[in-house]
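Read-outs throughout are calculated quantities, based only on the coordinates presented, and are distinct from any laboratory measurement. As the structure is a computational prediction, the values presented were derived from the model and not from experiment. Cβ placement follows ideal geometry from the backbone for every residue including glycine, while neighbour counts extend to all protein chains displayed.
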Amino acid sequence: MRTAVVTMICIMSLCASAFADDFRGIDINKDGRIDLQEFQGFVKEIGPSKIRQFDADADGFLSEKEFAGDGNFKKEDANRDGKIDPQEGTQFLVAVIAPTKFKSYDMNRDGYLDKNEFEAGQMK
Ligand SMILES: [Ca+2]
Ligand SMILES: [Ca+2]
Ligand SMILES: [Ca+2]
């Protein structure tokens, strides 16, 4: 499990850097900070394009091999058809990866990301 999570986190930070200017877009309620729910909304939005990056043979699904081939694959494969579709992958990103990432961004542990924390997080 650890391998896949780390892989996904790496890929997410690479891509998320393109969204560094998007702080305001993520801050839905415009209070100047991003809470976990807003962050998960953001991850949900970019999820499908993340999944496509793993999809080496571009068939629209992730095989176990494309997914780094570790034990987490079965958990993510909700309908157990042996492949991960973008919806399953995105669910995993939102439920598992997003909270982990959010915590690592939230330097002062107040449960919100301010703009500095968000931008610093992109650099990690
Ligand atoms: Ca907010
Ligand atoms: Ca599946
Ligand atoms: Ca914070």
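Remarks
- Annotation: extensible slack from residue 36 through residue 119 equals 28.3 nm (criterion: 0.36 nm per residue apart, minus Cα-Cα distance).
- Cβ-based exposure ranking for 36, 62, in which fewest neighbours within 10 Å come first: 36, 62
- Extension gain (nm, one decimal) between residue 87 and residue 29, 0.36 nm per residue minus Cα-Cα: 18.3 nm
- Label sites at residue 110 and residue 53, each approximated as a point 7 angstrom past Cα along Cα to Cβ, lie 3.0 nm apart.
- Exposure proxy order (Cβ contacts within 10 Å, fewest to most) of 97, 46: 46, 97
- Placing a pseudo-label 7 Å from each Cα along the Cα-to-Cβ vector at residue 74 and residue 45 gives an inter-label distance of 3.7 nm.
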